[in-house]
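Report on the structure given below.
Where a number appears in this text, it was derived from the coordinates with a stated rule and is not lab data. Small disclaimer: the values here were computed from a predicted structure and weren't measured. Here the Cβ positions follow ideal geometry from the backbone for every residue, glycine too, while neighbour counts run over all protein chains shown.
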Amino acid sequence: MSNDDYLRLATVDNFRDVAGTGYATVDGGRVRRGVFYRSNELRISEEDAATLAELGLTAVIDLRSEMEIAQSPDPEVPGAVGLHFDLLGIPMAEVGAARSREEAAHIMGRVYRGFATEQRTRELLGDVLRQLATGGKQLFHCTAGKDRTGWTAALLLHIAGVDDPTIESDYLLTNVLNAASRARTEALIAEHAGPEKVAILEPTLVADIDYLRAAAAAVDSEFGDRGSYLRDGLGLDDEVLGRLRALLRED
């Protein structure tokens, strides 16, 4: 899969179509492109802003905290309403105090397990998916576009009927696409805290398959499987799930 297969934005490097190149589903279908988009924060050039406007987005869904938004608010996208759902993110104060890579990785595992174990996070994830089910072209994003955004995208691909190896490969694609923005973050950490801190915090800067699998294991432990998680954990009924499948699938 080459980067040329994706609509890209030069200044938002982890922007992409949730459907990828039109991922295959386990029952022979395909995921529909041009419906849902995902990205990192929208620190965006005028040229890329124009590209976003041309997509015909109806909503831009911001999954960040109030503090993150204050530091880098979303630009207005013509025709799109801005929506905010404050999903459980990385606890930055705790991460900043981490003294080892192992400690940082442990924090990340806890964040991902929280997608299953934290009631408020589940409620907000349910709200996000209900919003996406209303239809229209929609973009959702967080800061790096890898954790909150990555889990939301993984759920959508599962609902569409995509197999786990493809979902995992799509999740890991972040590490290829966001190299430039990650390098900028690493440079800032090195400037303010020293290069040794970059090494300690590296587990918080990447998409790691162990994190995604930790979330999936927590789902299985708490709810039995992802179907029960979607219904009982996120509160999604058959109508909403059916609308999402219809929007996500070509067949």
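Annotations for the structure displayed:
- Working note: Cα atoms of segment 111-194, range along each principal axis, descending, whole Å: 44, 28, 26.
- Scattering profile of segment 3-248 at q = 0.07, 0.12, 0.14, 0.17 Å⁻¹ [log10 I(q)/I(0), Debye over alpha-carbon scatterers]: -0.22, -0.66, -0.92, -1.40
- Derived scalar couplings ³J(HN,Hα) [segment 87-98; Karplus, 6.51 cos²θ - 1.76 cosθ + 1.60; whole Hz; x for Gly, Pro]: 7, 4, x, 6, x, 5, 4, 5, 5, x, 8, 4
- Based on C-alpha pairs under 8 angstrom that are at least 6 apart in sequence, the chain has a relative contact order of 27 percent.
- Calculated on C-alpha atoms, the gyration radius of segment 130-251 divided by its Kirkwood radius gives an Rg/Rh of 1.04.
- Calculated on the alpha-carbon coordinates, the convex hull of segment 120-160 measures out at 72 cubic angstrom per residue.
- Among the trypsin sites (Lys or Arg not before Pro) in segment 1-84, those placed in a DSSP loop whose Cβ has at most 16 other Cβ atoms within 10 Å are 8, 43.
- One quarter of the convex hull surface built on the alpha carbon atoms of segment 1-111 amounts to 9.5 nm², the projected area averaged over directions.
- Over the chain, DSSP H runs of length four or greater, each weighted -39,500 (n - 2.57), average out per residue to a 222 nm ellipticity of -15500 deg cm²/dmol.
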